[in-house]
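Taking it in order: structure first as structure tokens, then the write-up.
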Amino acid sequence: MPTNLPPEAQAKWEEYSKAKTPEEKLQKLREFYALIPKHKGTEKMEKFIKRRMAELREEIERRKARKKSKGPTLFVEKRGAAQLALVGYTNSGRSTILASLTNARVEVSPNPFTTLRPVEGMMEFKGTQIQVVETPPLIQGGQGGPSNLAIAIAGNADVLGLVVNALEDPSSQIDELIGLLESRGISLERPSGRVRIRRSRAAPTIIIVNKGKILDGTERDIRKLLSSYGIDRAWVEIEGKVTLEDVEEAVFGEKKYKPFIVFITRTDLLETTSVIEEIEQKYGDKAVMIIPFPRGLPSKDEIGEAIIRELGLIRVFTKSRNEKKPSDRAVILSRGSTVLDLAGIIHQSFRERFRYAKVWSDRLPYSPMKVGPDFILEDLDIVEIVTR
């Protein structure tokens, strides 16, 4: 059940939510942690708070190091719609995968530990880009500088790519990689349900989009819980089976679950496909995709769209009143976003002067269709916003 935090703790959490800098967030989180009642019901929350404080301390240290260092930083800032981090042991084929998906200049070598710094490239697909990062190789046991850097990048990424060599017992490699990441606080086990809370001024109240099942409460209980944390305008998306505790954890941030893609390299050297079939049977319902390489490599569109879908994102193309065609580059939004959310991203004046919008989509009875500010957008919609 929810932890029923005292009002002063809830107020402190609200201060943390409004904090701007990592230093301020860390201070507010320390004060919040001191106010949490310590009992069995708050164990998960305590773990989350400790982990988040550790992440903030690391971020502060990275910023200090970047200011002091005159050379390039090892930290990889996110770009594009999402970040895919390729992790694996040395000579697993991470550089080859990066070169195949992006235009990055990489050094592909049979020598071990060729990549000791992260290398990045951009994978282009319809309307947007996915940033692909090759991490340094993991070391058995997860100790050492390269492993620590790889795990730090993996923890910050949106999706992981587990890269394994088809000729070196790939099924065991995947088990070891998952175990290693789990031991460092990164879960690859898909949760039975997921709660996403997106606070927005465009929401008239707490709007619950329930696509699953609340096991121990009702939508009214969720609204009451969120109100206790000062959340009165938000979209709450529920998928699968969730509890009120899951909702409360989502207030503090989603669990550090990372969806993953399995890349099996050197499959062209296999005599049979039994190794691939074993992995598909074992991980087919857990992984976003299982990709044998070079045989069976999907298009970049297929990979990119699978990632976008998994992360609950959509691509929306804007159209100017004076242009016949929409823009080539999409605006990336969270699933459930409205036309007014899009207007605010384009420019605050569009939001303030909004009249209506025209939306082109195959799902509509006709296109373009005139819609209001609360119209919920979907992937690949084309939108023209009309202002006063």
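Going by what's in this entry, would ARG63 be described as in a helix (DSSP H, G or I) and touching a Pro at 6+ places or on another chain (Cβ under 8 Å)?
So ARG63 passes the test.
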Residue within region 365-374 that is closer than 22 Å to ARG199 by Cβ, outside the structural domain of GLU124 (by TED's automatic domain parsing), of a type outside the set (Lys, Arg) and touching a Lys or Arg at 6+ places or on another chain (Cβ under 8 Å) present: no
If you go through region 141-158 one residue at a time, do you hit one that is surrounded by 15 or more Cβ atoms within 10 Å (Cβ to Cβ) and either among the charged types (D, E, K, R) or within 24 Å of THR267 (Cα to Cα) (or both)? yes
Residues of region 200-215 being modelled with pLDDT of 90 or more and of a type outside the set (Val, Ile, Thr), which ones? ASN210, GLY212, LYS213, LEU215
From the residues in region 334-361 that are among the aliphatic types (A, V, I, L, M) and surrounded by fewer than 19 Cβ atoms within 10 Å (Cβ to Cβ), which one is farthest from VAL195 (Cα to Cα)? ILE346
If I filter region 336-359 for residues that are in contact with a strand residue (DSSP E or B) (Cβ under 9 Å, 6 or more places away or on another chain), outside any helix (DSSP H, G or I) and within 30 Å of GLY161 (Cα to Cα), do I get at least one hit? yes
Note down all Cβ pairs under 8 Å where the first residue falls in region 7-18 and is under 16 Å from ALA250 (Cβ atoms) and touching a residue at least 12 places away in the same chain (Cβ under 8 Å), the second is of a type in the set (A, V, I, L, M) and in a helix (DSSP H, G or I), and they're at least six residues apart or on different chains. TRP13/VAL251; TYR16/LEU29
Please go through region 200-246 and give me each residue that is out of contact with any strand residue (DSSP E or B) (no Cβ under 7 Å at 6 or more places or on another chain) and β-branched (Val, Ile, Thr), ordered by number. THR205, THR218, THR243
Restricting attention to region 160-180, does a residue exist that is modelled with pLDDT under 85, of a type in the set (Val, Ile, Thr) and not in a strand (DSSP E or B)? no
Could you give me the residue pairs with C-beta distances under 6 Å whose first residue belongs to region 37-49 and is assigned by TED's automatic domain parsing to the domain that holds TYR16, whose second residue is in a helix (DSSP H, G or I) wherever it lies, and which are 6+ apart or on separate chains? PHE48/PHE252; ILE49/TYR33
Scan region 182-189 and give yes if some residue there is surrounded by 16 or more Cβ atoms within 10 Å (Cβ to Cβ), among the polar types (S, T, N, Q) and farther than 16 Å from ARG335 by Cα, otherwise no. no
Do you know which residues across region 260-272 are over 21 Å from LEU181 (Cβ atoms) and surrounded by 14 or more Cβ atoms within 10 Å (Cβ to Cβ)? ARG266, THR267, LEU270
For ALA202, indicate whether it is surrounded by 16 or more Cβ atoms within 10 Å (Cβ to Cβ) and over 28 Å from LYS282 (Cβ atoms). yes
For residues in region 123-140 being within 30 Å of ASP381 (Cα to Cα) and among the hydrophobic types (A, V, I, L, M, F, W, C), which is surrounded by the fewest Cβ atoms within 10 Å (Cβ to Cβ)? PHE125
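The values are calculated or read from the model by the stated rules, or taken from the named source; none is laboratory data. Predicted, not measured: the structure shown is a model, and the values here were computed from it. Using ideal geometry, Cβ is built from the backbone for each residue, glycine included, and neighbour counts are taken over all protein chains shown.
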